[in-house]
Ligand code: DON
């Protein structure tokens, strides 16, 4: 099906159908339980939002409910880090899929403390460290939050303090990753400062409508809409989309690319931000996860969306 053949009515129907089907699903995956604020989220929730190139916002399900975006925030810090350091960022982080769980430490020792990619925890911590630079953590965090609000054209986006506190109290592996990388010089700030910023940006809470809005710059060549305000260069947007396709779902990245065929980034809060280059930006959320930490139903919904729209990039 040619991408331009989809009418607004057809898209509304598809979103409504998928939202209904997902609401009826009994197998919903398992909610993240490593911190209490995520463990108590009701798994019976689902939301899907598409923002088209014409700016139309099409939503189904609980699209006004905020959830913890977790690792989806790594896309925003990567965009900010790339914008600030340009190609120099790649001296600190690689661009290869890891094939390991998101919080794995094993590759770091063999590979001179250089994380495989910006979306595993080690890589994201290195990117956050590059944003921190010599600044105070509060300033760096303020800059990240401002950037996300700008991308989403929405000032009403904030950090969930409960989630941030719990991450700080339990993130022992991330502490290990940061210290390990500090010993190689991959990160330069005191690990506890870098981690403070990292845990807080993971704790940003958003709705699928806000997430879809924040992803527009990746759908439209670095601009918030076709021909609209520029967030990053078209080249950087292409680079980020490529990394989302190859590494955005950790050791489930191959499966997601195979089934959905779109650049996407997941988080353990159950959110997935996905991009249809030139066509649309998508936010999807359901809190139950599959075995590799990606939302079970959001992955399923995006597979159905790609099938029914013909939106796969392949
Ligand atoms: O650092 C962590 O482990 C969490 N704050 C984020 C992990 C995450 O979202 C991985 N996603 N699937």
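Observations on the structure shown:
- Identification of strands (runs of 3 or more DSSP E) wholly contained in segment 261-310 with 2 or more residues that are within 13 Å of the ligand (Cβ to nearest atom) and buried (at least 24 other Cβ atoms within 10 Å of the Cβ) yields 264-266, 271-276.
- Residue 55 meets all of the listed conditions (1) under 29 Å from residue 279 (Cβ atoms); (2) in the same structural domain as residue 304 (by TED's automatic domain parsing); (3) in contact with a strand residue (DSSP E or B) (Cβ under 9 Å, 6 or more places away or on another chain) but one, namely (3).
- Residue match in segment 194-206 (condition: touching a residue at least 24 places away in the same chain (Cβ under 8 Å), away from the ligand (no atom under 15 Å from the Cβ), more than 24 Å from residue 284 (Cβ to Cβ) and assigned by TED's automatic domain parsing to the domain that holds residue 86): no
- Looking across segment 117-150, just one residue is part of a loop (DSSP other than H, G, I, E, B), at pLDDT 95 or above and more than 16 Å from the ligand (Cβ to nearest atom), and that is 136.
- Taking the criterion of being modelled with pLDDT under 95 and either within 24 Å of residue 172 (Cβ to Cβ) or within 16 Å of the ligand (Cβ to nearest atom) (or both), no residue of segment 73-85 qualifies.
- Residue 314 free of Cβ contacts under 8 Å to residues at least 60 places away in the same chain and not in a loop (DSSP other than H, G, I, E, B): no
- Considering the conditions (1) assigned to a helix (DSSP H, G or I); (2) closer than 30 Å to residue 126 by Cα; (3) out of contact with any helix residue (DSSP H, G or I) (no Cβ under 7 Å at 6 or more places or on another chain), residue 15 is excluded by exactly one of them, (2).
- Residue 189, sole failed condition from (1) within 11 Å of the ligand (Cβ to nearest atom); (2) not in a helix (DSSP H, G or I): (1)
- Among the candidates 169, 152, 158, the residue that is surrounded by fewer than 19 Cβ atoms within 10 Å (Cβ to Cβ), in contact with a strand residue (DSSP E or B) (Cβ under 8 Å, 6 or more places away or on another chain) and closer than 30 Å to residue 64 by Cα is uniquely 158.
- Here residue 200 passes the criteria (1) in contact with a strand residue (DSSP E or B) (Cβ under 7 Å, 6 or more places away or on another chain); (2) in a helix (DSSP H, G or I); (3) more than 26 Å from residue 177 (Cα to Cα) except the one numbered (3).
- Being touching a residue at least 60 places away in the same chain (Cβ under 8 Å) and within 16 Å of the ligand (Cβ to nearest atom) holds for only one residue in 153, 104, 166, and it is 166.
- In summary, residue 226 fulfils each of the numbered conditions (1) farther than 19 Å from residue 80 by Cβ; (2) in the same structural domain as residue 266 (by TED's automatic domain parsing); (3) within 20 Å of the chain's Cα centre (by Cα) with the single exception of condition (3).
- If you go through segment 86-115 and keep only what is at pLDDT 95 or above, assigned to a helix (DSSP H, G or I) and in contact with a helix residue (DSSP H, G or I) (Cβ under 6 Å, 6 or more places away or on another chain), you end up with just 89.
- Given (1) free of Cβ contacts under 8 Å to residues at least 60 places away in the same chain; (2) crowded, with 24+ Cβ neighbours inside 10 Å; (3) not in a helix (DSSP H, G or I), index of the condition residue 256 fails: (3)
- Residues being under 10 Å from the mean Cα position of the chain (by Cα) and under 20 Å from residue 31 (Cβ atoms) - total across segment 245-263: 1
- When 219, 203, 176 are screened for being buried (at least 24 other Cβ atoms within 10 Å of the Cβ), closer than 19 Å to residue 35 by Cβ and at pLDDT 95 or above, only 203 passes.
- Some residue of segment 33-47 being within 15 Å of residue 212 (Cα to Cα), assigned to a strand (DSSP E or B) and touching a strand residue (DSSP E or B) at 6+ places or on another chain (Cβ under 6 Å): yes
The values are calculated or read from the model by the stated rules, or taken from the named source; none is laboratory data. Since the structure is predicted, the reported quantities are computational estimates derived from the model, not experimental observations. So basically every Cβ, Gly included, is an ideal-geometry build from the backbone, and we count neighbours across all protein chains shown.
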